[in-house]
Amino acid sequence: MVPRTLFTPEHDLFRSTVRSFIETRVLPDYATWEADGLVPRDVWLAAGELGLLCPMTPEEDGGLGGDFLFSAVLTEEMSRVGAVAPTFYLQSDIAAPYLVHHGTPEQKERWLPGMATGEVVAAIGMSEPHGGSDLAHLKTSAVRDGDDYVVNGQKVFITNGHTADLLVLACRTNENQGAKGVSLLLVETDQAGFERGRKLDKLGCKAQDTAELFFSDLRVPASNLLGEEGGGFAILMSELAQERLVQAVRAVAAAEAAIDWTIEYSRDRDMFGQTLADFQNTRFVLAQLHAEVSALRVYVDRCMELHLTGDLDALEAAKVKMVTTQLQGRVMDECLQLFGGWGYMTEYPIARAWADARMTRIGGGSIEVMKHLIGRALVADPKPAR
């Protein structure tokens, strides 16, 4: 692998803490979480006690006050062991930044410290049954009534939906203005009119708590409006680059882990008087995958460098999200094939990683949406960057 130069000794120390936490608090109970479809709250509290949650959130708001690389370390280490839950990345890298960058002082003081300690678990309410990526045409409505908004509608595929105390909810506050009619509300889930539906039975990511959510005349104080009314879509777009970069970080780290598992297995697997690793096909497959993942590792690290300086735009993030998640899927498929029948057994991490990886080409904007955005920009720009 090309040596990585991104991380400082502080990041390395944080990585050691993360690895210890994963060994003691994640791996021993992970199978139980997959069976239950959620992670117990005490795990969130333990992570918060160690400072693993909201590492980018400013210290004055209860966070670590670090940079994106602290979050990347946590994401990489979880992916290294094939753990897609707890969904700390959703709390720290997607939900918290909405409040950090767009919340009022009162909103920050009310919720961010609890998110950093794990006392408050957050979720993002975007996707709806009629469409996931088409946020400009969502149907969940919020009608102003005095000092409240009255919310009606439904969300689906909501990670942390059954656990969440706080929901960043995308809803329509103006019926006739398309994207400009979308607003964000901070919804507390203990209020009348909010109902959690069934825990969704997924192909993969079994330990993640994923739910349907229903809103029936739910009254939300107008003071819980995040940003300006009608400004929700712009806020969503402004945070997409980091969300997509997180997906890319996860994808490459998971692909690296799968290759490592396959190398170890192939060395030990006896076949026709030799090991699986002795076959030319095995070596060729692993060589090809290793080279491709190594190349994308450099690309992801470069995108992280750009993000640290504020120079990673949504388009470049779409590119890195697209190519890394596509490669992740192929790596999982080809590595599973080398495991043979055992690769189809969920007792082997490659089987679970194969199923988990299928989501990454959908979540955070589907591959087709990424291609649309990239292609549209290339056609619109008479001199595309090379």
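The values are calculated or read from the model by the stated rules, or taken from the named source; none is laboratory data. Just so you know, these numbers come straight off a predicted model, no measurement behind them. Cβ coordinates were reconstructed from backbone atoms using ideal geometry, including for glycine residues, and neighbour counts include every protein chain displayed.
Residue count for the range 118-152 under the criterion of being buried (at least 17 other Cβ atoms within 10 Å of the Cβ), out of contact with any Lys or Arg (no Cβ under 7 Å at 6 or more places or on another chain), of a type outside the set (Gly, Ala, Ser) and farther than 18 Å from residue 200 by Cβ: the result is 4.
Can you tell me which residue among 290, 307 is in a helix (DSSP H, G or I), assigned by TED's automatic domain parsing to the domain that holds residue 257 and within 25 Å of residue 86 (Cα to Cα)? Show your work before the answer.
On the way: 290 fails: within 25 Å of residue 86 (Cα to Cα).
It is 307.
For the range 180-198, enumerate the residues that are under 25 Å from the mean Cα position of the chain (by Cα) and surrounded by 15 or more Cβ atoms within 10 Å (Cβ to Cβ). Let's see the steps before the verdict.
Quick first cut of the range 180-198, residues under 25 Å from the mean Cα position of the chain (by Cα) only: 182-190, 194-198.
Residues satisfying the conditions are 182, 183, 184, 185, 186, 187, 188, 189, 194, 196, 197.
If the condition is being over 30 Å from residue 356 (Cβ atoms) and either small (Gly, Ala, Ser) or touching a His at 6+ places or on another chain (Cβ under 6 Å) (or both), then the range 178-226 contributes 178, 179, 181, 183, 192, 193, 216, 222, 223, 226.
The rows are residues; the columns are (1) of a type in the set (D, E, K, R); (2) under 19 Å from the mean Cα position of the chain (by Cα).
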residue	(1), (2)
266	no, no
270	yes, no
323	no, yes
331	no, no
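Residue check: residue 178 meets all listed conditions (1) on the phi > 0 side of the Ramachandran plot; (2) modelled with pLDDT of 95 or more but one, namely (2). The residues on offer are 26, 73, 84, 18, and the sole one that is within 22 Å of residue 251 (Cβ to Cβ), crowded, with 20+ Cβ neighbours inside 10 Å, in contact (Cβ under 8 Å) with a residue 40 or more places away in the chain and in contact with a Lys or Arg (Cβ under 6 Å, 6 or more places away or on another chain) is 73.
Yes/no per residue for (1) in a loop (DSSP other than H, G, I, E, B); (2) in the same structural domain as residue 328 (by TED's automatic domain parsing); (3) within 24 Å of residue 196 (Cβ to Cβ); (4) of a type in the set (A, V, I, L, M, F, W, C):
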residue: 53; (1), (2), (3), (4): yes, no, yes, yes
residue: 65; (1), (2), (3), (4): yes, no, no, no
residue: 73; (1), (2), (3), (4): no, no, no, yes
residue: 94; (1), (2), (3), (4): no, no, yes, yes
residue: 107; (1), (2), (3), (4): no, no, yes, no
residue: 142; (1), (2), (3), (4): no, no, yes, yes
